[in-house]
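*Asks:* One structure follows; several queries about it will come next.
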Amino acid sequence: MKMKNIKTIGFSFAVALFAASCTDVESINNVDLNGTVKTDEYYAALREWKQTPGLPQVFVWFDSWTGITPTGETSLRGLPDSVTIASNWGGHPKFELTPERRADMEYVQKVKGTKVVVTLFSQNVGDDLPDKEIYHTAGTSRDPEVVRPAIKAYAEDLYRACLECGYDGYDWDYEPGGGMGRGQLWANPVQRTIFVEELSYWFGHGAMDPNRDRGDRAMPEKRLLFLIDGEVGVRTGMDKEWLSYYVDYFVLQAYGGMADWRMTGVFGDMDDWIQQGIITPDEIVRRTIVTENFESYASTGGGFLTTMANYIYKGTYNIKGETVNIDQQIGGCGLYRCGFDYNQGKGDYDGSPEYYFLRKGITTLYSIYYDRLNGTANGGEEE
């Protein structure tokens, strides 16, 4: 794909990326399925491009992760180069990585600039970590003074565990209304509110703010991502008192297709912070990623190409009696259990038969981004 009247270096690189980011034969010999040689300069440009401020994200929950072979649906190296965030959803245990998985993760982080996060349900204090006596002190209490020490320790321990494993962040899979469990960090409003606050001292936008009062908490050693997925703007939703403006990305399980009501649901969760001027509706859209369920829709693509990769929220919002207009591209798109898209038999796309829908969605997402950035969204020529 080559677009006329686009002068940005970033777009030129993105176009090359769409054509060249094939399944990772290149992890071994740096040649993709088109025969394109991937040089050190290519990978340096790829890493720099992924650091572009405001760049929409391509996010996947990665399942069946072994890292043993450099190609296919079981290796992070097999993902398209343009994926920006991959989450360890299906590789267990989450904090005891095999040498193969660790090497696979380090490759995509260092060579491709891909962020790798870990997804945890974290229904109860201490889940997924070695047991500590302090974790048990919270119990079912709703007294902040009783529960905070346990949650405070757990949040910091999650951060330390992510650092030790080499993850780039934490994705909290929060689904209390979906019949998947009733742990205290899900069902207890006091505990879940304190949990988000304590996480925000270690992950996300506010973690490394030198002007923030951290109490006796040490400063984080490294900036790690903070994501929340699941019931964001739906069912139970995020509580309004959560310090949710510190979250990097809200990941919507918009399974079956994205619609405006899903976005307005996120606005509803965040309304108090909007009204206080802490965050704008546009920024909320930029921090929202919409995902499709390829456990169910891999054969058809579901709404990934029709309502997600191309989603732009256009509407109005009332802030303290004043109506503001919103015209903002979604902050990213992605797939749940992306491995099901590895070989759908749909024929080649950009020279590769693998990850057909994911690659096509990547092209759509970034084409829209650069069209809007360069003012060619209405009538830019393409050849």
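The values are calculated or read from the model by the stated rules, or taken from the named source; none is laboratory data. Computed from a predicted structure; not experimentally measured. For neighbour counting, all protein chains shown are included, and Cβ atoms are generated from backbone atoms with ideal geometry for every residue, glycine included. What goes into the accessible areas is simple: the full protein's heavy atoms, side chains included, and nothing from ligands, DNA or RNA. Shrake-Rupley method; radii C 1.70, N 1.55, O 1.52, S 1.80 Å.
*Asks:* What does the charge count around S82 come to, taking other residues whose C-beta lies under 10 Å from its C-beta (Lys +1, Arg +1, Asp -1, Glu -1)? Could the numbers behind the result be given before it?
*Replies:* On the way: positive: K50, K112, R359; negative: D81.
In short, +2.
*Asks:* Under a 1.4 Å probe, what is the accessible area of the chain per residue, stated in Å²?
*Replies:* Working: 15440 Å² over 383 residues.
With the other protein chains kept in place, the chain gives 40 Å² per residue.
*Asks:* Enumerate the amide H contacts of L252 below 5 Å, restricted to partners 5 or more residues apart or on another chain; note that Pro and chain-start residues carry no placed amide H.
*Replies:* I289, V290, T291
*Asks:* For the charge dipole of the chain, defined by +1 on Lys and Arg C-beta atoms and -1 on Asp and Glu C-beta atoms about the Cα centroid, which residue among L185, S299, N374 has the Cα displaced farthest towards the positive pole?
*Replies:* Of the listed residues, the answer is N374.
*Asks:* Right, next: Report in % the part of the accessible area of the chain that belongs to carbon and sulfur, leaving out ligands and nucleic acids; probe 1.4 Å. Write down the numbers at each step before the final one.
*Replies:* Numbers: 7570 of 15440 Å².
C and S fraction of accessible area: 49 percent.
*Asks:* Next question, about the same structure. Normalised radius of gyration for the chain, please: alpha carbon Rg relative to 2.2 N^0.38 Å, two decimal places. The partial results should precede the final answer.
*Replies:* Values: Rg = 20.7 Å, N = 383, 2.2 N^0.38 = 21.1 Å.
Cα Rg divided by the expected 2.2 N^0.38 Å: 0.98.
*Asks:* Between D271 and R47, what length comes free when the chain is fully extended (0.36 nm per residue of separation minus the Cα-Cα distance, one decimal in nm)?
*Replies:* Details: separation 224, 0.36 × 224 = 80.64 nm, distance 3.50 nm.
Computed gain between D271 and R47 is 77.1 nm.
*Asks:* Over the Cα atoms, compute the radius of gyration (one decimal) and Dmax (the largest Cα-Cα distance, rounded to a whole number) for region 209-249, in Å.
*Replies:* When restricted to Cα atoms, region 209-249 yields Rg and Dmax of 13.1, 36 Å.
*Asks:* Would you please state which residues of region 315-336 a label at T264 would reach in this model, taking the label point 7 Å out along Cα→Cβ and a backbone N cut-off of under 20 Å?
*Replies:* 315-331, by backbone N distance to the label point.
*Asks:* What figure, in Å² to the nearest 10, do you get for the accessible area of H205 with a 1.4 Å probe and non-protein molecules left out?
*Replies:* 90
*Asks:* Report the local net charge at T316: Lys and Arg +1, Asp and Glu -1, summed over other residues whose C-beta lies under 15 Å from its C-beta.
*Replies:* Details: positive: K314, K320; negative: D260, D271, D282, E322, D327.
Value of the local net charge: -3.
*Asks:* Report the relative contact order of the chain, percent, no decimals, based on alpha-carbon pairs under 8 angstrom and at least 6 residues apart. Intermediate values should be presented prior to the final figure.
*Replies:* Working: 755 pairs, mean separation 63.4, N = 383.
After rounding, I find 17 percent.
*Asks:* Ok, one more. Once you list every other residue whose beta carbon is under 10 Å from the beta carbon of D229, what net charge do they have if Lys and Arg are +1 and Asp and Glu are -1? Each step should come with its number before you reach the end.
*Replies:* Details: positive: none; negative: D171, D173, E175, E231.
That sum, taken over residues with Cβ under 10 Å, equals -4.
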